[in-house]
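First the structure, in the form of structure tokens, and then the observations on it.
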Amino acid sequence: MNIVVCIKQVPDTKGGVKFNPDGTLDRASMLAIMNPDDKAGLEAALRIKDETGAKVTVLTMGLPKADDMLREALAMGADEAVLVTDRRLGGADTWATSSTVAAAVKKLDYDLIITGRQAIDGDTAQVGPQIAEHLALPVISYAEDIKVEGNSVIVKRQYEDRYHEVKAQMPCLITALSELNEPRYMTPGGIFDAYDKEVTVWGRDDLTDLDDANIGLAGSPTKIAKASDKVRKGAGEKVALDPKESVEYIVGKLKEKHVI
Ligand SMILES: Cc1cc2nc3c(=O)[nH]c(=O)nc-3n(C[C@H](O)[C@H](O)[C@H](O)COP(=O)(O)OP(=O)(O)OC[C@H]3O[C@@H](n4cnc5c(N)ncnc54)[C@H](O)[C@@H]3O)c2cc1C
């Protein structure tokens, strides 16, 4: 069984998101980490590997420094890593990203593709289902638990206040939630081995099944017009009134603001 896990290197948003004056993310001033949902997806793949001996390949499209994240995935237990990197692929929106990632996945053997539900920087949650669409695969999103049974996967899928249990035949694509599991740590031996392994690097010209009209900034139908921090709301107003007065006060305020 071959599992491909799509992982994205994202800025660590725990310390807050910083923007450049032109509205683009100030990635240089923020630590780069493996997207949390993707790390849970990788852990799920490694658990399937532990049970079945599956081969796990991690794949990313990104800057050359994404090599660090791929080595982390190798040190956790992934077997192979692929970095798709090329200046011509820069500035991609979800359409161009998923077109490129799908073209790279097509060059690999796969039974199961796992992506994160969403990346903590772009936050669109579109790339996983789009990759499935490009590859004409069934997709199960929001996975909280994944079991492999013969040629099928059975997924506990988060749905509002309940779960769905969904079964799909492989090949298929699953999008993982960070709640799926607690990702394992890298082992010291794994870290040494990860630096002995070769990361496969592909540029745009290695992806033959990909149209130039669907890559990079020029091939991106969505343009980010502006990105900025949220404007903080004021502290609000506190009043201490009895219940009857409170009702009159609130109704008065709503009228004042033309809500009622
Ligand atoms: C503030 C901001 C807002 C944005 N808004 C939009 C928008 O509205 N529409 C739009 O089209 N683009 C938008 N983008 C651009 C978008 O972030 C990029 O296109 C990005 O490459 C993919 O989208 P995402 O980060 O939302 O991924 P998501 O769709 O949230 O990611 C889902 C999963 O897909 C996989 N994945 C995503 N990117 C990669 C990758 N490079 N390599 C491997 N696997 C990957 C990961 O497993 C990830 O968990 C925005 C970017 C920013 C910074």
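FYI, it's all coordinate maths here, none of it is from the lab. These numbers were taken from a predicted model, which means no experiment stands behind them. We place every Cβ from the backbone using ideal geometry, glycine too, and count neighbours over all the protein chains shown.
When the P(r) is computed for the chain, the part past 31 Å accounts for 34% of the Cα-Cα pairs. Relative contact order, whole percent, for the chain stands at 25, derived from Cα pairs under 8 Å and 6 or more residues apart. The fewest-to-most ranking of Thr100, Thr200, Thr115, Thr222 by surrounding Cβ atoms within 10 Å reads Thr222, Thr200, Thr100, Thr115. As a proxy for reagent exposure, His258, His134, His164 were ordered by neighbouring Cβ count within 10 angstrom, fewest first; the result is His258, His164, His134.
Converting phi to 3J(HN,Hα) with the Karplus coefficients 6.51, -1.76 and 1.60 and the offset θ = phi - 60°, segment 134-140 yields 4, 9, 6, 10, x, 10, 10 Hz in sequence order, with x at every glycine or proline. Is segment 1-65 rounded, prolate or oblate when judged by the Cα gyration tensor, a ≥ b ≥ c being the square roots of its eigenvalues, rounded requiring a/c under 1.5 and prolate requiring a/b larger than b/c? It is prolate, given that a/c is not under 1.5 and a/b is the larger ratio. Seen against the Cα atoms of the chain and their longest principal axis, helix 36-52 is set at about 40 degrees. Axis of helix 243-256 versus longest Cα principal axis of the chain: the two differ by about 80°, to the nearest ten degrees. Think of the chain as having a plus end and a minus end, set by charges on the Cβ of Lys, Arg, Asp and Glu; of Gly216, Leu83, Ala73, Gly216 sits farthest toward the positive end of this dipole.
Exposure proxy ranking for Thr57, Thr85, Thr208, based on other Cβ atoms within 10 angstrom of each Cβ and starting from the fewest, stands as Thr208, Thr85, Thr57. Rounded to whole numbers, the Karplus 3J(HN,Hα) couplings from phi for segment 201-218 are 10, 10, x, 4, 5, 7, 9, 6, 8, 8, 8, 4, 5, 10, 10, x, 4, 5 Hz, using 6.51 cos²θ - 1.76 cosθ + 1.60 with θ = phi - 60°, and x at Gly and Pro.
Scan around Lys8 for amide H atoms under 5 Å from its own, H built in the peptide plane at 1.01 Å from N, and keep only partners 5 or more places away or cross-chain. Long-range HN contacts for Lys8: Asn35. Applying the Karplus relation 6.51 cos²θ - 1.76 cosθ + 1.60 with θ = phi - 60° to segment 84-95 yields 3J(HN,Hα) values of 9, 9, 5, 4, 5, 9, x, x, 6, 8, 5, 4 Hz, where x marks Gly and Pro. Answer rounded, prolate or oblate for segment 35-115, using the Cα gyration tensor with square roots of eigenvalues a ≥ b ≥ c: rounded when a/c is under 1.5, else prolate when a/b is larger than b/c, else oblate. Here segment 35-115 falls in the prolate category.
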